[in-house]
Amino acid sequence: MTDPIQKNALTASIADGVLRLKGDFTVWTLHDLPAGADETSGIDLSEVYHLDTAGAWYLLGRESAGARIEGLSGGQAGFVDMVRNARPEPDPEAPALKSWRALLERTGRRVVEALGYARELAEYQGRFLAAVGRAIRHPRDFRFTSLVYHCQETGMRAVPIVALMSFLIGVVLAFQGSMQLQRFGAEIFVIDLIAVSVLRELGILLTAIIVAGRTASALTASIGSMKMNEEVDAMRTLGLDPDMVLILPRVLALIITLPILGLISNLFGLFGGALMSWIELGISPSMFKYRLLADISVDHVIVGLSKAPVFAMIIGVIGCHAGMKVGKDAESLGAQTSTAVVAAIFAVIVADALFSIFFAEIGL
Amino acid sequence: MTENVIEVRGLRNQFGRHVVHDQLDLDIRRGEILGVVGGSGTGKSVLLRTIVGLNRPAAGTVRVFGQDLKTLSGFAREAIERRWGVMFQNGALFSSLSVRENVEVPLQAIPGLSPESRKALAELKVSMAGLPWLANEKYPSDLSGGMKKRAGLARALALDPEIVFLDEPTAGLDPIGADAFDHLIVELRDALNLSVFMVTHDLDTLHACCDRIAVLAEKRVLTTGTMADMLKVDHPWVHEYFHGPRARAATTTERGKE
């Protein structure tokens, strides 16, 4: 090797149970020790020019195993003493639990963590509602500009993606539905299929999933980076309530815009379905409109859109909570952002399932 | 006090039209602790970054161990880089690794070093930097500012370097912590025969550890010398710096100690 660090390579020889070292005994040459070096009863260092902490560490390890250390120069001996004094003292390790007990403990911790998460989400829900109450009592504390800004960010800017996605879903439903229904000669029912599935379930659910991906991550990132920078703490010391300044406008903006996005999604879904029915089955748009108005109850739209504010609340609360949980390092910001998206999408789907049961029970 | 480990000659640094350094000369001798002071924006950190090669100078040469850094490449440069350690202002620890793993990173460059030895050496360095055993398994986000600096120092010292660069080592530490850090640096210098390049604003640190002080002003090193020399310089900024109320407090406490 032409490494200039190894100015003097280490040569080691073992004679009469004594390890004789010559050259530089450093971290770079530590592995040059010959086999059997660890079994010698003494180490002679009189020809070692340069000794570093790694070398001293090796010597100390051998010394405590009973080997004699000889031939250190005065400076080197002082150096070895310095390293000796600096050697870390391991703390006694906690006794390891038996495997099944460790498993039990881990499971217990996970369960408590999960319950704690649910409790915290409930807390943030409560904080949001308290902030709403406060905004009603003291309208001057409410940040209207911020609300408008977030409506634009979460609502307006999501319109193109939501519209495109719903249009495509309508197209797919019409196409797949017509293929199946044609076999029974019941093509006309494709209109019912599209209308019920889009209006009742898919329109709002897919919108909520897109918004959960888009906005929950944005909420976590924006609040989280402020948290990381201690801006949230600064806000508290300045007498600003983060609930009012950060959480209320963001969640409220979601609650306002998600039903509107859901409505847009419904319209584009129906439009896509109508277009595909026309192309594939020759059902004219006027026929589509006629059957839609005659056969499909407005209840479906109500059922669909009534879920929107609840989904919005779920997404907003999960996003804001994750943002507030960000620590001081960038890594926790990334981790919390992805957790927020996954949790928000999961929670939206669970809530949708619960809604289905609920509406089935009350017969809507 | 003979050999110069670092020689900076005719250095010029500029960002766009803003010239930070012009015709800057600076020497660091083997085994000394050099304190670099200067007002905010005089390019102390830029100088440090230039010497360690993070910043390309517009003109001038930086010679480390007698070799011009600009002409070196690849293996030779890496070899030089292993002979110095840098402690950044906030430790610049890798946040995904624990303190011990952070210190192990430079040790991974050594061929043939077993993982157990690497672990033990890293633990030794952590302890030498004055951190408790418990800190080994902690992550940077769990550490206080002072502990981060110590962990950064432990990583800088991992390969027993000959030169250590410290960027504001005592900034943001409480006086007791700063004092302990000063002692640590002197102790390590004495034990490991380090040369230390220290950017600092802390007058107590300058008093307590630095053998020589270099003052950056007017885009160059205005003057270098011991603390006693500094007190005699009659450049207005230098005078203000070393004779201001804070400086007087630092000198009197230092005299009281001796």
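The values are calculated or read from the model by the stated rules, or taken from the named source; none is laboratory data. All values derive from a computational prediction rather than experimental measurement. Cβ atoms come from the backbone with ideal geometry, glycine included; neighbour counts cover every protein chain shown.
Could you please let me know if A:V27 is touching a helix residue (DSSP H, G or I) at 6+ places or on another chain (Cβ under 7 Å), surrounded by 13 or more Cβ atoms within 10 Å (Cβ to Cβ), within 14 Å of another protein chain (Cβ to nearest Cβ) and not in a helix (DSSP H, G or I)?
The answer is yes for A:V27.
Going by the structure shown, is A:V232 out of contact with any His (no Cβ under 8 Å at 6 or more places or on another chain), modelled with pLDDT under 90 and buried (at least 17 other Cβ atoms within 10 Å of the Cβ)?
So A:V232 fits the description; yes.
Name the residue, out of B:T42, B:T61, that is of a type in the set (S, T, N, Q), outside any helix (DSSP H, G or I) and closer than 27 Å to B:N193 by Cα.
B:T61
Find the residue count for segment A:76-89, including only residues that are surrounded by 10 or more Cβ atoms within 10 Å (Cβ to Cβ), within 9 Å of chain B (Cβ to nearest Cβ) and not aliphatic (A, V, I, L, M).
4
Quickly run through segment A:133-150 and pick out the residues that are assigned to a helix (DSSP H, G or I), surrounded by fewer than 17 Cβ atoms within 10 Å (Cβ to Cβ) and of a type outside the set (K, R).
Of everything in segment A:133-150, those that are assigned to a helix (DSSP H, G or I), surrounded by fewer than 17 Cβ atoms within 10 Å (Cβ to Cβ) and of a type outside the set (K, R) turn out to be A:G133, A:I136, A:P139, A:D141, A:F144, A:T145, A:V148, A:Y149.
Could you look through segment A:90-101, keep only residues that are away from chain B (no Cβ under 13 Å) and either outside any helix (DSSP H, G or I) or among the basic types (K, R) (or both), and pick out the one that is farthest from B:E187 (Cα to Cα)?
By that ranking, first place goes to A:R101.
Kindly indicate whether A:A122 is in a helix (DSSP H, G or I) and buried (at least 17 other Cβ atoms within 10 Å of the Cβ).
The answer is no for A:A122.
Is at least one residue of segment B:136-152 away from every other protein chain (no Cβ under 13 Å), touching a residue at least 60 places away in the same chain (Cβ under 8 Å) and aliphatic (A, V, I, L, M)?
yes
If you scan segment B:102-116, which residues turn out to be more than 11 Å from every other protein chain (Cβ to nearest Cβ) and surrounded by 19 or more Cβ atoms within 10 Å (Cβ to Cβ)?
Scanning segment B:102-116 gives B:N102, B:V103, B:E104.
Which is surrounded by fewer than 18 Cβ atoms within 10 Å (Cβ to Cβ), part of a helix (DSSP H, G or I) and of a type outside the set (D, E), of B:K119, B:K148, B:K125?
The match here is B:K119.
Condition first: within 14 Å of chain A (Cβ to nearest Cβ), surrounded by 21 or more Cβ atoms within 10 Å (Cβ to Cβ) and over 25 Å from B:V221 (Cα atoms). Now tell me which residues in segment B:160-187 satisfy that.
If the condition is that a residue be within 14 Å of chain A (Cβ to nearest Cβ), surrounded by 21 or more Cβ atoms within 10 Å (Cβ to Cβ) and over 25 Å from B:V221 (Cα atoms), then B:D160 is the only one that fits.
Being closer than 30 Å to A:T220 by Cβ and touching a helix residue (DSSP H, G or I) at 6+ places or on another chain (Cβ under 9 Å) narrows it down to one of A:A308, A:A353, so name that one.
Within the list A:A308, A:A353, the selection yields A:A308.
Given the criterion within 24 Å of B:L192 (Cα to Cα), surrounded by 12 or more Cβ atoms within 10 Å (Cβ to Cβ), more than 13 Å from chain B (Cβ to nearest Cβ) and not acidic (D, E), identify the matching residue among A:L10, A:L45.
So the residue among A:L10, A:L45 that is within 24 Å of B:L192 (Cα to Cα), surrounded by 12 or more Cβ atoms within 10 Å (Cβ to Cβ), more than 13 Å from chain B (Cβ to nearest Cβ) and not acidic (D, E) is A:L45.
Just to check your reading of the model, which residue among A:P92, A:P34 is surrounded by fewer than 17 Cβ atoms within 10 Å (Cβ to Cβ), more than 24 Å from B:L157 (Cα to Cα) and in contact with a strand residue (DSSP E or B) (Cβ under 9 Å, 6 or more places away or on another chain)?
Just a single option satisfies the conditions, and that option is A:P34.
Inside segment B:56-100, can you point out the residues that are on the phi > 0 side of the Ramachandran plot, more than 16 Å from the chain's Cα centre (by Cα) and either within 11 Å of chain A (Cβ to nearest Cβ) or surrounded by fewer than 18 Cβ atoms within 10 Å (Cβ to Cβ) (or both)?
B:F65, B:G66, B:G74
Taking the residues in segment A:272-307 that are surrounded by fewer than 17 Cβ atoms within 10 Å (Cβ to Cβ) and aromatic (F, W, Y) as candidates, determine which candidate is nearest to the chain's Cα centre (by Cα).
Looking at residues that are surrounded by fewer than 17 Cβ atoms within 10 Å (Cβ to Cβ) and aromatic (F, W, Y), I get A:W278.
Checking the condition of a type outside the set (K, R) and more than 25 Å from B:V52 (Cα to Cα), which residue from B:P140, B:P169, B:P175, B:P161 passes?
Going through B:P140, B:P169, B:P175, B:P161 in turn, just one is of a type outside the set (K, R) and more than 25 Å from B:V52 (Cα to Cα): B:P175.
Quick grid of which residues meet (1) without any contact (Cβ under 8 Å) to a residue 60 or more places away in the chain; (2) surrounded by 18 or more Cβ atoms within 10 Å (Cβ to Cβ); (3) not in a helix (DSSP H, G or I):
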{"site": "A:G334", "(1), (2), (3)": "yes, no, no"}
{"site": "A:T337", "(1), (2), (3)": "no, yes, no"}
{"site": "A:V342", "(1), (2), (3)": "yes, no, no"}
{"site": "A:F346", "(1), (2), (3)": "yes, no, no"}
{"site": "A:V350", "(1), (2), (3)": "yes, no, no"}
{"site": "A:L354", "(1), (2), (3)": "yes, no, no"}
{"site": "A:I357", "(1), (2), (3)": "yes, no, no"}
{"site": "A:E361", "(1), (2), (3)": "yes, no, no"}
{"site": "A:L364", "(1), (2), (3)": "no, no, yes"}
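Among the listed residues B:V103, B:V36, B:V86, which satisfies the condition of being of a type outside the set (S, T, Y), at pLDDT 85 or above and not in a strand (DSSP E or B)?
B:V103
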